[in-house]
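What follows is a set of notes on a single structure, which appears directly below.
Every number in this text was worked out from the coordinates using simple rules, so none of it is lab data. Here the structure is a predicted model, which means the values were calculated and not measured. Please note: Cβ atoms are built from the backbone with ideal geometry, for glycine as well, and neighbour counts cover all protein chains shown.
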Amino acid sequence: MGELPLPRKPCERIKRNSLILHLSRLKWEALNSQPDRYHGKSLKMNSTTTQESGAETAAVILHNVNKIYRLDSVDVPALTDVNLLVRPNRFTVLSGASGSGKTTLLNIMGCIDNANTGHVLVAGEEVQKLSDDALSDFRAKNIGFIFQNFNLLPVLTAFENIEYPMIMAKVPPAKRKRRVEKLLNAVGLSDRAKNRPGQLSGGQRQRVAVARALACKPQLVLADEPTANLDSQTGTAIIQLMRHMQRAYHISFIFSSHDPKVLAAADDTLFIQDGRITSVKRCDDLAETSV
Ligand SMILES: Nc1ncnc2c1ncn2[C@@H]1O[C@H](COP(=O)(O)OP(=O)(O)O)[C@@H](O)[C@H]1O
Ligand SMILES: [Mg+2]
């Protein structure tokens with residue numbers, strides 16, 4: 001774990017009876033030695049694993065999360081008893097067939113949607129407890145999104161699309177300009193700064209979207225099937241770019257896909273089927289662990 005940066009916030013004293021806060025300050029050696037304890041039916045922790053020097057904040061923790069959509073008075077269960085922990089500063093792939101619950105799970109992790117039951121912690125914050133305003137602020141500061149259909153604003157140039165979230169976050173103009181130029185360079189589009197999305201290829205649009213997701217220096221980036229609308233070669237290049245950016249910027253990156261090729265890029269893989277996490281594979285595991 002030597003390569004991991006120090007926690008961003010000082011460890012707080014953990015309340016004796018708060019399992020959830022308790023889980024957010026894990027001792028990572030314990031996680032690595034017993035990975036199956038963090039995605040099974042039970043997330044009970046040994047009460048001695050409280051704050052310790054070297055403990056880190058998990059990127060995301062879900063505890064007993066359920067999500068049911070109601071459609072024409074019929075309940076559609078989208079997520080059932082989801083317990084999982086996403087490690088920070090990793091490239092995590094969420095793998096599952098169409099309809100398995102990937103988008104629903106990412107939307108809950110990204111605070112776009114609410115779970116019906118359960119607890120959701122993102123970067124150590126129990127997000128359900130935040131007011132709407134505080135949640136918007138938290139999302140803007142901590143989470144970047146990349147979508148399948150790019151979701152760029154068509155009337156803005158590549159430069160302006162990347163700059164936009166920084167305007168919302170009230171970043172001063174000179175700082176914004178420096179950051180956009182750096183990101184355009186990082187995604188290989190310095191010479192396309194003035195192009196609008198309609199004047200860019202699909203792969204270039206997704207590069208702009210990657211840069212935009214990183215504009216406000218988030219801790220967590222969520223990418224929902226970002227290569228689904230790209231040809232295979234372009235998709236592979238985008239995966240490599242995201243992998244590179246995840247490492248270079250020390251971000252927790254969660255990437256959903258039903259393409260088995262993507263698994264090769266993963267540090268950790270969460271397998272989802274019919275709304276349930278069926279197994280979790282971590283880069284330093286010897287073997288896949290089944291729930
Ligand atoms: N807004 C919605 N209303 C009703 N059912 C939905 C809604 N969104 C998703 N679902 C259902 O929830 C399940 C999971 O969907 P989704 O999270 O989109 O899966 P995936 O992203 O893996 O394709 C599916 O059965 C889908 O039909
Ligand atoms: Mg989806």
Could you give me the percent of Cα pairs per 10 Å distance bin for the range 33-290, shortest bin first, beginning at zero and ending with the bin that holds the maximum distance?
7, 30, 35, 21, 7, 0
What is the extension gain from residue 151 to residue 191, computed as 0.36 nm multiplied by their sequence separation minus the C-alpha to C-alpha distance, in nm to one decimal?
12.3 nm
So which of 194/217; 177/217; 182/217 end up more than 21 Å apart, counting from Cα to Cα?
194/217
Quick check: Cα centre of the range 182-198 to Cα centre of the range 128-148, how many Å?
26
Taking a crude spin-label model, label points 7 Å out from Cα along the C-beta direction, the residue 177 to residue 248 distance in nm is 2.2
Taking neighbour Cβ counts within 10 Å as the exposure measure, how do 216, 283, 111 sort from fewest upward?
283, 216, 111
Suppose R0 equals 41 Å; then what is the FRET efficiency for residue 278 and residue 133 from their Cβ-Cβ distance, rounded to the nearest 0.05?
0.65
